[in-house]
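Working notes, beginning with the structure itself.
The values are calculated or read from the model by the stated rules, or taken from the named source; none is laboratory data. Just so it is clear, the structure is predicted and the values come from calculations on it, not from any experiment. Counting neighbours? That spans all protein chains shown, and the Cβs are built from the backbone with ideal geometry, glycine included. Just the protein is used for accessible areas: all its heavy atoms, side chains included, with ligands, DNA and RNA removed. Shrake-Rupley method; radii C 1.70, N 1.55, O 1.52, S 1.80 Å.
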Amino acid sequence: MNCENSYLNVFMCIITGRYTGAPKSQMEFDLSQLRGIYSAEQFKNVLLNIINTKFTDDFWNITLPNNLATSSATSLSMYAYYASLNILNADGLFSKMKVHDLLQEGLRSQKLPLEIHQLFPKAYFGIGM
């Protein structure tokens, strides 16, 4: 199994909140799907099946946009989005700084250097502007 599939699985768990709520039950269910798996290829196929059942068209077109349209500071979808921007080495909106620089813990001040409108223009959500 390559690293890309591992990252995809971690991303899916973060963005969907797979192990929040009742993590023990979900983990037991996931592990039960691995019984009788003896090769890396079988393991990869089980993980990809789990991922594909969560990442449906409805997830991308309805669930995720609704989850991203939030002002919550603890949104799992926003954390996953920030992680994606960091991995892609993206520029902050209207900034010469990279997103990973804006997310640095040492940059915290009274006014956050990274505000949500710098990542998502309001027009992206149809909220006007």
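Looking across region 66-82, the residues that are part of a helix (DSSP H, G or I) and either under 12 Å from the mean Cα position of the chain (by Cα) or of a type in the set (A, V, I, L, M) (or both) come down to 67, 68, 76, 77, 78, 79, 80, 81, 82.
Of the residues making up region 12-48, those that are on the phi < 0 side of the Ramachandran plot, open to solvent by less than 70 Å² (accessible area, probe 1.4 Å) and not hydrophobic (A, V, I, L, M, F, W, C) are 16, 18, 23, 26, 30, 32, 33, 39, 44. Condition check for residue 53 on (1) without any contact (Cβ under 8 Å) to a residue 12 or more places away in the chain; (2) surrounded by 14 or more Cβ atoms within 10 Å (Cβ to Cβ): one failure, at (2). Check region 105-113 and report whether any residue there is open to solvent by 50 Å² or more (accessible area, probe 1.4 Å), assigned to a helix (DSSP H, G or I) and modelled with pLDDT of 85 or more. Within region 105-113, none of the residues are open to solvent by 50 Å² or more (accessible area, probe 1.4 Å), assigned to a helix (DSSP H, G or I) and modelled with pLDDT of 85 or more. Residue 7 meets the conditions (1) of a type outside the set (A, V, I, L, M, F, W, C); (2) closer than 17 Å to residue 83 by Cβ; (3) open to solvent by less than 80 Å² (accessible area, probe 1.4 Å) in every case but one. The failed one is (3).
Scoring residue 125 on the criteria (1) at pLDDT below 80; (2) more than 21 Å from the chain's Cα centre (by Cα); (3) not charged (D, E, K, R) leaves a single failure, condition (2). Taking residue 19, is it of a type in the set (Ser, Thr, Tyr), over 20 Å from the mean Cα position of the chain (by Cα) and part of a loop (DSSP other than H, G, I, E, B)? Criteria not met by residue 19.
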